[in-house]
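The values are calculated or read from the model by the stated rules, or taken from the named source; none is laboratory data. A quick note: this is a predicted structure, and the numbers were derived from the prediction, not measured. Heads up, the Cβs are rebuilt from the backbone with ideal geometry, glycines too, and the neighbour counts pull from every protein chain shown.
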Amino acid sequence: MTQLQSLRGMVDLLPEQTCRWQAVESLARQHFQRWGCREIRTPLLEVTELFARGIGEATDVVGKEMYSFQDRGDRSCTLRPEGTASVVRAALQHGLLAQGAQRLWYGGPMFRYERPQAGRQRQFHQIGVEWLGVTSAASDAEVIALAWDLLADLGVDRLALEINTLGTPDDRQLYRSRLVSWLEQHENVLDADSQQRLRTNPLRILDSKNAQTRELLQDAPMLEQSLAADSRSRHQAVLQALDDLSIPYVVNPRLVRGLDYYGHTAFEITSDQLGAQATVCGGGRYNGLIQQLGGAPTPAIGWALGMERLLLVLEAAATANPSGRAASLVQADVPDVYVVNRGEQAHRQALILSRQLRSAGLAVQRDESDSAFGKQFKRADRSGAPVALVIGEEEADRGVVRLKALKSTLSEPGDDQQEDWSINDLGPLIAVLQNGANSERSETTQG
RNA sequence: GCGGGCGUCGCCAAGUGGUUAAGGCAGCGGCUUGUGGCGCCGCUAUUCGGGGGUUCGAAUCCCCUCGCUCGCCCCA
């Protein structure tokens, strides 16, 4: 293949996709703003140590998935594999936490060197929130509600919220030793991966997909039994708050997230339409991370939502319900006006007119060819524009433009409702076009 | 990192050793030199991801390679 192409796992987003992304992003922005979150943007590149210390040396993300390299100053740099560590670093670096709790959101590309598969790429995109200095159980439910409401507003359905508590480091320490000693007695039954993890990261054996291991785990000690009373009551309070907010959840005692910094609340929102990579949104509390990165002990909670996976479920929802909310968000951008022009004078006037209409805020597509009217109308139709403005030699001579409704819903072919408008005083024409454009838009966004 | 499937025009896709590589969509042109959504006609791959080999002859067989895809691991 001599043709140059993108790196494996790095995908281009073409215009058909980008307009969907924009729709999702702008809706997400609205929600973040409503929930009191402010945006933070951090570099894509950080010193490797940030992730090694923040995410945990023993995790897969750090152990085998980072894009790391030495820069020209021989410093080890890494393309960020997730957002939380960077956000915390930035907050510490700029003393944000001295000003009280920070409710932040971020978005952008993340990089993990993995084999691509459905819903997984090497460069992927997340939007996420990090609430730093926020401690109450109610706030756990509140950040989850933010994700839940955003997804609901996007029209995405068939989602499930799974939640668990990981307790305190002490709780986990206690549980780990109980679990390991129990598993060691059954080591011969464990699959090879789990035997490995018995030494490296035993808690993660809990969400093994190996059937035999899963069956064995039925009788294994549960984390819950190692929880201190405080951890237990905290978890109950989070669940109570979710009940108060009428957010449905499933407590999954085997939910153990792969990043070391999580403790207490951990949760995932999954879809049954994503294949093996079912998690759309994942997050939890990380009360130890800020201290670990050199700050004062500060409680915090956050989540990240995978944009590519979100788009997949959004598209599935749009297909399932073509008149629903998701479908309206997935719709392609369409010009408000298509300008059909033919003849030299007509082209000159159309060029000027198009620009004036654009200045008035209209999305105008002008046919730059000089081909037959029939051809131009065909393209006008395909563009999806609700109306065409026609300038030919006749109109050019008379200083007018002809307005014609397109689209089968508005006029039948040959049903020739056309009006001439002066191009010397565009006010009335612009008013008519803007009116039409607005009603078009509200139709599509209200679905 | 490990396993399965697959690579023919921008997209979908037939073809599985024999002269010029179906078809559909999209695109362009025409029927219609000023009016679209339908229809009809024409044009659009010397070439089958790339390289090498077998053969009189290969998109079709073999080897290598690159890429895509699904799954494992793990995560968004």
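Here the condition is being closer than 16 Å to A:M307 by Cα, aliphatic (A, V, I, L, M) and assigned by TED's automatic domain parsing to the domain that holds A:A58; of A:A152, A:A145, A:A141, it holds for A:A152 alone. Any idea how many residues of region A:252-288 are of a type in the set (A, V, I, L, M) and closer than 23 Å to A:R197 by Cα? Residues in region A:252-288 being of a type in the set (A, V, I, L, M) and closer than 23 Å to A:R197 by Cα: 6 in total. Flag: A:D157 matches the condition of being more than 16 Å from RNA strand B (Cβ to nearest atom), of a type in the set (D, E), at pLDDT below 95 and surrounded by fewer than 22 Cβ atoms within 10 Å (Cβ to Cβ). Looking only at region A:342-355, decide whether some residue is of a type in the set (D, E, K, R), at pLDDT below 95 and within 30 Å of A:L161 (Cα to Cα). No - not one qualifying residue is present in region A:342-355. When we screen A:Q356, A:Q292, A:Q365 for residues that are within 30 Å of A:L403 (Cβ to Cβ) and more than 16 Å from RNA strand B (Cβ to nearest atom), the only hit is A:Q356. Please specify each residue of region A:64-123 satisfying the condition of being assigned to a strand (DSSP E or B), within 26 Å of A:R285 (Cα to Cα) and in contact with a Ser or Thr (Cβ under 6 Å, 6 or more places away or on another chain). The answer is A:T78, and nothing else. Residues considered: A:G343, A:G361. Of these, the only one that is small (G, A, S) and either in contact with an Asp or Glu (Cβ under 8 Å, 6 or more places away or on another chain) or surrounded by 14 or more Cβ atoms within 10 Å (Cβ to Cβ) (or both) is A:G343. Among the residues examined, A:T298 qualifies as at pLDDT 95 or above and more than 9 Å from RNA strand B (Cβ to nearest atom). The C-beta contact set for region A:114-132 (first residue near RNA strand B (Cβ under 9 Å from one of its atoms), second residue among the β-branched types (V, I, T), distance under 6 angstrom, 6+ apart or interchain) comprises A:Q121/A:V11.
Per-residue answers, yes or no, for (1) within 17 Å of A:Q126 (Cβ to Cβ); (2) away from RNA strand B (no atom under 16 Å from the Cβ); (3) assigned to a loop (DSSP other than H, G, I, E, B):
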residue: A:S6; (1), (2), (3): no, no, yes
residue: A:V11; (1), (2), (3): yes, no, yes
residue: A:E16; (1), (2), (3): no, no, no
residue: A:C19; (1), (2), (3): no, yes, no
residue: A:R29; (1), (2), (3): yes, yes, no
residue: A:P43; (1), (2), (3): yes, yes, yes
residue: A:E49; (1), (2), (3): no, yes, no
residue: A:R53; (1), (2), (3): no, yes, no
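Among residues of region A:40-69 that are within 22 Å of A:G95 (Cα to Cα) and among the aromatic types (F, W, Y), those with a beta-carbon under 9 Å from a residue that is at pLDDT 90 or above and within 16 Å of RNA strand B (Cβ to nearest atom) at least six positions away or on a different chain give the pairs A:F51/A:M66; A:F51/A:S68; A:F51/A:T78; A:F51/A:R80; A:F51/A:P81; A:F51/A:E82; A:F51/A:A85; A:F51/A:S86.
Residue count for region A:200-248 under the criterion of being part of a loop (DSSP other than H, G, I, E, B), away from RNA strand B (no atom under 16 Å from the Cβ) and surrounded by 16 or more Cβ atoms within 10 Å (Cβ to Cβ): the result is 2.
The number of residues in region A:175-198 being out of contact with any Gly (no Cβ under 9 Å at 6 or more places or on another chain) and either within 20 Å of A:Q225 (Cβ to Cβ) or not in a helix (DSSP H, G or I) (or both) comes to 14. Tally time: how many residues in region A:31-41 are in a loop (DSSP other than H, G, I, E, B) and surrounded by 15 or more Cβ atoms within 10 Å (Cβ to Cβ)? Number of matching residues: 3. What number of residues in region A:322-368 are of a type in the set (S, T, N, Q), farther than 22 Å from A:C19 by Cβ and touching a helix residue (DSSP H, G or I) at 6+ places or on another chain (Cβ under 7 Å)? Count: 3. Report, ordered by the first and then the second residue, all pairs with beta carbons closer than 6 Å, sequence separation of six or more or different chains, a first member in region A:204-220 that is closer than 15 Å to A:P253 by Cα, and a second member that is in a helix (DSSP H, G or I) and within 13 Å of RNA strand B (Cβ to nearest atom). Sorted first by the residue in region A:204-220, then by its partner, the pairs are A:R204/A:R197; A:I205/A:S194; A:I205/A:R197; A:S208/A:S194.
Look at region A:409-425: where a residue is more than 6 Å from RNA strand B (Cβ to nearest atom) and a partner is of a type in the set (S, T, N, Q) and at pLDDT 85 or above, sitting 6+ places away or on another chain with Cβ atoms under 9 Å, you get A:I423/A:Q349; A:I423/A:Q356. When the residues of region A:368-398 are filtered to those that are among the small types (G, A, S) and in contact (Cβ under 8 Å) with a residue 40 or more places away in the chain, which remaining residue is nearest to RNA strand B (Cβ to nearest atom)? For region A:368-398, the residue satisfying everything is A:G392. Cβ-Cβ contacts under 6 Å between residues 6 or more apart (or on different chains), taken from a first residue in region A:292-309 that is without any contact (Cβ under 8 Å) to a residue 12 or more places away in the chain to a second residue that is assigned to a helix (DSSP H, G or I), are listed as A:P297/A:Q291.
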